[in-house]
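Accompanying notes for the structure given below.
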Amino acid sequence: EEKPGRDLLDYLEIPLRYPRAMWIPFFLVLGLSVLLALVAPRKYRSGTLILVESKTLSESMVAPVSAEGIAQRLLTIRQVVTSRTRLEEVIKATDAYPEMRDQPSHVVVETMRKAIEIRVQASDAFVIEYVNNDPYKAMMVTNLLATKFTEDASALREDLTNKVFAFLQQNLDEARQAVEEREIALRRHKQRYWGALPEQLDSN
């Protein structure tokens, strides 16, 4: 004989038929969740999105960004943002870990480095996130990291622009000097062989 099937009402009556097997685990899990919510320390995550300006050169002059290039860019950004000098400045300015004032500086720096996460989004933006028990300090550290990175990027770009301009100016000066020397050599040649040049033979 086939076993009779159960409808929705039978399943709804299970807590009434087996109250201990239903409600004891339910209240245990609920109490444990509430206890963990009260005891566990709260952590706040602050993040900022930094957009990278696209180059104004044509695609024929700029190579497309590959996955390997993005990975290299992420590694470079992470090294710049999480450098020890940078993190020591941020820790000193924000007092991010007051409970670790007695600890060596490299321990505090390593703690902050583990709390920082950097992700590249597409090829023109990346996200800096930081986790701290204090929401205000989480926001301040993230803001300071982003500000210092943009300042360094602007200074690096300005320095690179000056170097490129100096390089182009040097090449221009060398080319101008080469042209002037060639003109002087040509003028001396004409003066030395004046009257014997091919364009002067007919008149002679």
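If you go through segment 68-96, how many residues are modelled with pLDDT under 75 and assigned to a loop (DSSP other than H, G, I, E, B)?
0
Which of the residues spanning segment 129-156 are open to solvent by less than 50 Å² (accessible area, probe 1.4 Å), at pLDDT 90 or above and more than 16 Å from residue 89 (Cα to Cα)?
Within segment 129-156, 129, 131, 132 qualify.
Can you name every residue in segment 5-28 that is open to solvent by 90 Å² or more (accessible area, probe 1.4 Å) and assigned to a helix (DSSP H, G or I)?
Scanning segment 5-28 gives 8, 9, 11, 12, 16, 17, 20, 23, 24, 26, 27, 28.
Taking into account only those residues within segment 40-66 that are hydrophobic (A, V, I, L, M, F, W, C) and modelled with pLDDT of 80 or more, which is surrounded by the most Cβ atoms within 10 Å (Cβ to Cβ)?
50
The values are calculated or read from the model by the stated rules, or taken from the named source; none is laboratory data. Computed from a predicted structure; not experimentally measured. With ideal geometry, Cβ positions are generated from the backbone for all residues, glycine too; neighbour counts draw on all protein chains shown. SASA here: full protein model, heavy atoms, side chains in, ligands and nucleic acids out. Shrake-Rupley method; radii C 1.70, N 1.55, O 1.52, S 1.80 Å.
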